[in-house]
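Nothing in this text is a laboratory measurement; each read-out follows from the coordinates by a stated rule. Just so it is clear, the structure is predicted and the values come from calculations on it, not from any experiment. All Cβ positions, even for glycine, are placed from backbone atoms using ideal geometry, and neighbour counts span all protein chains on display.
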Amino acid sequence: MRRLITAIVLALTIAANLGVPPADAAVWSVGEQANQAVPAYGEKWIEVVLSQQLLLAHEGERVVYRTLVSTGTASHPTVRGTFRIYVKYRRALMQGPGYYLPNVPYVMYFYRGYGLHGTYWHNNFGHPMSHGCVNLKTAAAAWLYNWAPVGTKVVVRR
């Protein structure tokens with residue numbers, strides 16, 4: 001129970017720091033291990049292949065969806081590793097040095113400020129373009145957002 005409360009407080013703190021009302025946040029309990037080596041039969045998980053600028057949605061070992069993405073540039077690389085989606089927002093403001101993006105659609109954060117999300121400001125998928133997030137076409141992000149619950153594993157590899 002204490003871990004669940006900690007996870008909720010963490011998610012609400014992150015939501016507050018992103019300027020998103022807590023009522024819009026879906027929260028995942030951190031009691032589950034993020035580094036499970038072999039996916040359970042039928043387990044939903046997301047794979048991002050940086051070298052191919054490709055996202056694959058899996059159910060167990062079966063690929064159920066694939067799409068080109070734009071990940072981080074050399075100066076703003078996308079983190080590599082195994083993570084879990086910890087919060088989802090239908091729309092969110094994203095801002096930082098050199099960018100201000102209101103109403104970014106279908107945002108799913110998986111590590112600190114790194115997320116998977118829809119993109120309306122470019123159509124250059126298949127090439128690194130972002131400040132570290134995984135940019136998807138809006139239709140692809142909508143599909144993924146509706147398919148992947150909070151807690152879905154995200155594996156980002158070279």
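Key figures for this structure:
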{"item": "Filtered residues of segment 122-140 (kept if more than 14 Å from T71 (Cα to Cα) and touching a strand residue (DSSP E or B) at 6+ places or on another chain (Cβ under 7 Å))", "result": "T138, A140"}
{"item": "Residue that is nearest to H76 (Cα to Cα) [pool: residues in segment 132-155 that are of a type outside the set (A, V, I, L, M) and surrounded by fewer than 20 Cβ atoms within 10 Å (Cβ to Cβ)]", "result": "G132"}
{"item": "Qualifying residue in segment 110-121 (condition: over 16 Å from Y89 (Cβ atoms) and either in contact (Cβ under 8 Å) with a residue 24 or more places away in the chain or buried (at least 17 other Cβ atoms within 10 Å of the Cβ) (or both))", "result": "no"}
{"item": "Restricting segment 53-84 to residues that are in contact with a Pro (Cβ under 9 Å, 6 or more places away or on another chain) and part of a strand (DSSP E or B), the residue that is farthest from M108 (Cα to Cα)", "result": "E59"}
{"item": "Count - residues of segment 66-100 that are over 12 Å from the mean Cα position of the chain (by Cα), farther than 22 Å from V49 by Cα and crowded, with 16+ Cβ neighbours inside 10 Å", "result": "2"}
{"item": "Matching residues in segment 63-112 - criterion: being of a type in the set (S, T, N, Q) and over 21 Å from P128 (Cα atoms)", "result": "N103"}
